[in-house]
Amino acid sequence: MIVDYLEEAGPTVFDVDLCVIGAGAAGIAIARSFIGSGITVCVVESGGLAGEERTQELYAGTSIGSQAFDPASSRMRVFGGSCNLWGGGCIPLGQQDMHARDWVPHSGWPLSYAELEPFYVRARDYCRIDPHEFADGSFLAPLAHQPIAFDADKLVNQVFARSPILFGNAYREELERATNITVLLHANLLELKSDEGAASINEAAIGTLDGRRGTVRARHYVLASGGIENARLLLLSDSVAKNGLGNDHDLVGRFFMDHPSGSLGTVHTDTPERLTQPYDRNLGKGPAPSFPEIGLSVQAQHTHRLLSGRVHPFAVESAVPKGLRALRELRAMLRSRKLDENAVLEARLCAAMKNGPSPGDDTVVPVDGLAKLTLRLGLGMGDIAQAFVHKLTGKPTVRSNHVELVGYFEQAPNPDSRITLGDEVDALGLRKVRIDWRLTPLDRHTYRTSATLFGDELASACGGRFELAPWLADDDAPPRVHGTAHHIGTTRMSTDPTKGVVDSNCRVHGVANLHVAGSSVFPTGGWAFPTFTIVALSLRLAEHLRELLVVV
């Protein structure tokens, strides 16, 4: 069942077998795994069924690193989690992504790909994508258009599938009907309270923004609150362990990574569609279509000692004809509506997390009234007719004057890139997060070297010319990259407590009944969209917990 903890009539103390903190992709996957079992589960979710600015403000914090980072706009505090904003991209990690690489310090997972693959199979069903077979870091899936054939020693086409669901919407009714599952909305974890030696969790203290307080007592606990918040909650749980739970070796919050993204340059060509059409994500068919992405080959990574990365070609339009501009403005006007708080919040966060080319000067903003727009539309029917013919023949409706190459990269694990607690407190009286996001020389080497590999290969494929982005051509220029809301590594996995926060079963070292789910446990992240691996690891953790919680 789903209960709003703001309602005063409900209980304040819950005794269950398993307590899961967070109802995002990981938390829902774990809770759903126990539906119909004899195991009772309480899911503690800070948000409601829709986004609310007051709750979202609990994600606010500060940025002190060399790379600017806004913790408030890169995630969403709501039932369903930040995946309420996701694009649905699902792809497995490759074997090299999980192996130790001698040129990537702190790389290597304590799990093999073979150990994870059975749970990738289950994750396909959870994400409701077709049962495509796995390749190395890719799916063997049908494509709408044949991708470009590259020199396999340099670039490869890696195929991802797009999930058609939002997890909160898709699995809400199942959780509502489940008699052994209780989801508490608007319930915030205040602290995980441990025994005197911080070797076991006794209870989770919870509370609402309106001042209601309560307790969840469980046999086992799982933090599933995202790559930033998992670390923050461990650090905040310091009444016994003064440095925070699981932090005996000062590792909680370290190795904070994202998938840095930035423009690598432009390809000037008379045939831009040769680059863009094979990778157009609007051309897929079916409820869960698949698409290729252009990645660095394993051989190229070895040869040039690079991190993993991908590039996406975006056609940048030249001047939009007046008639077509009028049509776009009319469509925008007809679509406009009064938005509720959730829609406004989602729009703001989506804008902050937008991953694409730099906006040009032709962004559509309706400025005329309906009468003037209709007149302009009539005068521009020739432009519209020409655009329609272009669309029928597979050509862009507006001529592209160049193709911008936007890169997305694995980040090198770096212990100095970290999350700590600041001095300011939030509305619950808890210290806010402080982000110190840093890149390394290996990151910069990867951007520059891979930009040339990507640019030269794509220019060759269309008979064009590649122009390197100015920031990559200047040795002294700071990296022009931003995060993509993929928060990784802050409770990294290792069999050695001096090198990681959780073990290979995602249990916090030194705490018998506390586990962590989500991308915070990834030792490295490859370039792959992380949600599919988050789900696979969560399903693996659920199976492990089932063994620990077996009812005798």
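Any read-out appearing in this document is the output of simple, stated calculations on the displayed coordinates, not a laboratory observation. Predicted model, so just to flag it, every value in this text is computed and none were measured. Using ideal geometry, Cβ is built from the backbone for each residue, glycine included, and neighbour counts are taken over all protein chains shown.
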Q: Could you tell me the distance between the Cα centroids of the stretch 17-53 and the stretch 486-539, to the nearest Å?
A: 18 Å
Q.
Taking the 0 to 90 degree range and rounding to the nearest ten, how far is the long axis of helix 370-379 tilted relative to the main principal axis of the chain, both from C-alpha atoms?
A. 40 degrees
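Could you work out how much longer the chain between Asp195 and Leu6 gets when fully extended? Use 0.36 nm per residue separation minus the Cα distance between them, nm to one decimal. Show your work: numbers first, answer last.
Numbers: separation 189, 0.36 × 189 = 68.04 nm, distance 2.87 nm.
Result: 65.2 nm gained on full extension.
What list do you get for Trp471, Trp527, Trp437 if you sort them by fewest beta carbons within 10 Å? Before the final figure, lay out the partial values.
Working: Trp471 18, Trp527 26, Trp437 22.
If I rank by nearby Cβ atoms, fewest first, I get Trp471, Trp437, Trp527.
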Q.
Can you compute the modelled spin-label distance between Glu467 and Arg128, with each label point 7 Å from Cα toward Cβ, in nm?
A. 4.5 nm
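How much length is gained on full extension from Asp474 to Cys350, taking 0.36 nm per residue of separation minus their Cα-Cα distance? Could the numbers behind the result be given before it?
On the way: separation 124, 0.36 × 124 = 44.64 nm, distance 3.11 nm.
Contour length minus the Cα-Cα distance gives 41.5 nm.
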Q) Which of rounded, prolate, oblate describes the stretch 121-206, given a ≥ b ≥ c as roots of the alpha-carbon gyration tensor eigenvalues and a/c under 1.5 marking rounded, otherwise prolate only if a/b is larger than b/c? A) prolate
Q: Mind jotting down the distance between the C-alpha centroids of the stretch 92-135 and the stretch 219-295, whole Å?
A: 15 Å
Q.
For the chain, take the longest principal axis of its alpha carbons; what is the angle in degrees between that and the long axis of helix 531-548, to the nearest 10 within 0 to 90?
A. 20 degrees
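Given the DSSP H assignment, sum -39500 (n - 2.57) over each helix run of at least 4 residues in the chain and divide by its residue total; what's the result at 222 nm in deg cm²/dmol, nearest 500?
Estimated from H runs of four or more residues: -8000 deg cm²/dmol.
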Q: Answer with a single label: of (1) 74, 59, 45; (2) 122, 52, 48; (3) 79, 54, 43, which was calculated as Cα extents along the principal axes in Å from the structure in view?
A: (1)
Q) Taking neighbour Cβ counts within 10 Å as the exposure measure, how do Tyr279, Tyr447 sort from fewest upward? A) Tyr279, Tyr447
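State the antiparallel share, in %, of DSSP beta bridges confined to the chain, rounding to the nearest 5. List each step's numbers first, then the result.
Numbers: 52 of 77 bridges.
DSSP beta bridges in the chain are roughly 70 percent antiparallel.
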Q. Using a ≥ b ≥ c from the Cα gyration tensor of the stretch 426-523 (square roots of the eigenvalues), is it rounded, prolate or oblate, where a/c under 1.5 gives rounded and otherwise the larger of a/b and b/c decides, a/b for prolate?
A. prolate
Q | Farthest toward positive dipole pole in the chain [+1 Lys/Arg, -1 Asp/Glu at C-beta], among Ala152, Ala469, Leu283 | A | Leu283
Q.
For the pair Trp103/Glu117, report the inter-label distance in nm, with labels modelled 7 Å from Cα in the Cβ direction.
A. 2.7 nm
Q) Where does each of 240-250, 17-27, 107-117, 488-498 land if you order them by average Cβ count within 10 Å, highest first? A) 17-27, 488-498, 240-250, 107-117
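Would you list Trp86, Trp103 from fewest to most Cβ contacts within 10 Å?
Working: Trp86 22, Trp103 14.
Least crowded to most crowded, the residues run Trp103, Trp86.
Nearest 20 debye, what's the magnitude of the dipole of the chain about its Cα centre given +1 on Lys and Arg Cβ and -1 on Asp and Glu Cβ?
Values: 53 positive and 64 negative charges, 241 e Å.
Around 1160 debye, computed over the chain.
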Q. Residue separation times 0.36 nm, minus the C-alpha to C-alpha distance between Val550 and Ser63: what's the value?
A. 171.0 nm
Q. In degrees from 0 to 90, rounded to the nearest 10, what is the angle of the helix 441-462 Cα long axis to the longest principal axis of the chain?
A. 40 degrees
